[in-house]
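Just so it is clear, none of the values below were taken in a lab; they were calculated from the coordinates. Note that the coordinates shown come from a computational prediction; the quantities given were computed from them, not determined experimentally. Don't worry about glycine lacking a Cβ; one is built from the backbone with ideal geometry, like all the others, and counts go over all protein chains shown.
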């Protein structure tokens, strides 16, 4: 298991370096003249242009710019923002990351718990009333856009019933219950599509495993239903866990819209703003941070899958 | 030297005469008070608006959008009341010399900043010197030659030439006071929390900049008893969800004040929910024809061309749109108080074509105009109208922050705008027609002998500026200096138990304008 862990760690770091390098060059290629972009494509003197270019370090060769950026990155320094006051990006991220992570992690938790419960309920009794309900609702939740569900939830649970705040994020240090209330609707909105996806995956995995020879053998040996169910879950879990890890990436992307809808200053809204203004250091920082989280989640997924299924370690 | 009562100071500040009305300050309006006894309104005040704060530096406080933030945490020397007149807050017993060159006032005792520093005359001078160099406040003090602390409590401002709107400008957001200790810090401008003495204290730990700002009550404030609210929240709601989100928050009780733009059905919703709607005409909408001398776009030097551009702007048709605020007042005048003798430009394409032909531009001409954010739709509509007579305005997209920087820096000869209407006509003249004024980026007044003469007469008119103000208004309308389509209103929607006294010229109210509802 140790060798397996070290190998996964090395590949995770390599992936991080690869993505960071690629993003740097792609961002500079996509915004070939960031100085003109910052000036708003209108008249400015050559002196102003050159001064701005030098101030941002864009007068250096691209490889020098990359090295300067990368070596600072290794120390956790993402540089300063190009738009507005030149404040360190790390300060902005320190405010925004907890917002996004709060709703994404709660969304993931809601998705995993609800998905698992519904998947098991449907899987152990295929063809039952519950199974048919879950299958039918999965079609509805796949078909209906997530933002529409969010609006409906917001209107009923926040505006009409007043159970949750309509908008905004409350820091946990200010009001723990208020924080939980403020992230519940966006988290649930993010999670709903994933819940049915996990439920369906788990249900199918359980149904497949349930009809396999080894389960029949377990039953024939007289194992109690609870013990058989544990074997079933162990067999079906990898599919559901893989979906959860993939959904993490999806939730991070989904946060862009949800944060705007719920007026939350997370990294989703920062990504939108940075892209609109050509704020390259912010784009790079957000990409690196997002990839970092995805790599961490995938790394943990590999470890969990390796722990559940020893054959995965060999592969 | 004469001692000014508030009324006298105000009358002087307005050059003893308002352009279209008299100077009649109201004590009640000037010093709004709350009767704490029996207060049954909300425990806190929660405001939802669309402008965030990027910093707390007092030198940036000239913005018409930042008033609620600044006034909550800083005490000002002066503010403007509901009758558009300045009144002393920290400044007391203001005296102005007969020649208008020396202002003397006493510093209110008991003003203590959150860092423990006590305010005295020297502290006020430190602040005034900072404000006089501030990016957003320097223009207020352009005619002030120096500041001096005469003793521990008395401050003197010496002017190089009389400035009838000095106190008005100071009251319009140009005189907030920060702790002198904080001002001395080299990091002051980057501070993430203010060091003020205002009625509320910014709670940085509880806030989430730039969307949620939390302020706790300043129990040590010299007027703490006046504020019944235990805390203040300001929620910033932006982007495409803005209007709906803010109203949903008000419906759900998450907020109790909303700075709103009108939308269909808002009145019905307000009535159904028992909200009060307070209106404030604080801006005009349309297009600024800044290059009236034709320095960059030659055809614009001809008044016939500028009139033609106005004649194809269908002002009345704009009101037919379902999404246009019915409170919009169609006019082509830049003064807040509209002169009924000055007619609005008719919509007449044929006459516009004839004027362009007379001016030698029968085939039209083309030029670039900026577009961005709020002004996209305005500019697109105007460009479409101008195209009817062959005048092609090519829209160049800018980000909203770049847009504002560039149009006021004189980079664009023509641009769509929504600019302030001032309750004080002297302020209107100063901001729109004097050299160096922000809203006069191409300095057209200096290039127009008639206007130069009218402005000189205006400043010499002393107490009687009505006639000369009327002449200025007629001149700029006849010469088509602007492409104003309407005066627009800002709406403040308040839940039960609160009310606000609007001030013309301020898009958003100062915190001091909020009162428990007397209903």
query = Tilt of helix B:449-460 relative to the longest C-alpha principal axis of chain B, in degrees (0 to 90, nearest 10)?
reply = 30
message = Compute the angle between helix B:375-387 and the longest alpha-carbon principal axis of chain B, please, reported from 0 to 90 degrees and rounded to the nearest 10.
response = 20
message = Based on the alpha-carbon set only, what is the convex hull volume of the range A:89-314 divided per residue, in Å³?
response = 151
query = Counting alpha carbon pairs within less than 8 Å and at least 6 residues apart, what relative contact order, in whole percent, applies to chain A?
reply = 27
request  = Take the Cα atoms of the range B:140-253, build their convex hull, and give its volume per residue in Å³.
outcome  = 195
task = At 7 Å along the Cα-to-beta-carbon direction for both residue B:324 and residue A:307, put a label point, then send me their distance in nm to one decimal.
result = 6.6
note = per DSSP, antiparallel bridges as share of beta bridges in the protein assembly as shown, % nearest 5, sits at 80
ask   = Taking neighbour counts of Cβ atoms within 10 Å as a proxy for exposure, in what order, fewest first, do A:113, B:278 appear?
value = A:113, B:278
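Take every DSSP beta bridge whose two residues both sit in the range B:282-489, then give the antiparallel share in percent to the nearest 5.
Counting only bridges with both partners in the range B:282-489, antiparallel ones make up about 70 percent.
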message = So, R0 is 35 Å and r is the distance between the beta-carbons of residue B:279 and residue A:143; what FRET efficiency does that work out to, to 0.05?
response = 0.20
request  = Can you figure out the FRET efficiency of residue A:208 with residue A:2, using R₀ = 35 Å and their beta-carbon distance, to the nearest 0.05?
outcome  = 0.60
request  = Would you calculate, for chain B, the mean residue ellipticity at 222 nm contributed by helices, counting each DSSP H stretch of 4 or more residues as -39,500 (n - 2.57) and dividing by all residues, to the nearest 500?
outcome  = -7500 deg cm²/dmol
task = Please work out the ratio of the alpha-carbon Rg of chain B to 2.2 N^0.38 Å and round it to two decimals.
result = 0.98
request  = Would you mind pulling out the separation of the Cα centroids of the range A:217-283 and the range B:334-371, in Å?
outcome  = 59
remark   = Percent relative contact order for chain B, counting Cα pairs under 8 Å at least six residues apart, stands at 22
inquiry  = Quick check: the distance between the Cα centres of the range B:486-506 and the range A:122-166, to the nearest angstrom?
reply    = 41
key: Cα→Cβ-extended label distance, 7 Å offset, between residue B:161 and residue A:70, nm   = 6.2
request  = Give me the percent of DSSP beta bridges within chain B that run antiparallel, rounded to the nearest 5.
outcome  = 80
task = If a/c stays under 1.5 just call it rounded; otherwise compare a/b with b/c (prolate if a/b is bigger, oblate if not). Do that for the protein assembly as shown, with a ≥ b ≥ c from the square roots of the Cα gyration tensor eigenvalues.
result = prolate
query = Put a dot 7 Å past each Cα toward the Cβ at residue B:447 and residue B:190; how far apart are the dots in nm?
reply = 4.1
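Give me A:232, A:300, A:73, B:167 sorted ascending by neighbouring Cβ count inside 10 Å, so fewest comes first.
A:300, A:73, A:232, B:167
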remark   = In terms of the alpha carbon gyration tensor, root eigenvalues a ≥ b ≥ c, rounded if a/c is under 1.5 and otherwise prolate when a/b exceeds b/c or oblate, the range B:282-489 is rounded
request  = Would you mind calculating the gained length between residue B:362 and residue B:138 on full extension (0.36 nm times residue separation, minus the Cα-Cα distance), in nm to one decimal?
outcome  = 76.2 nm
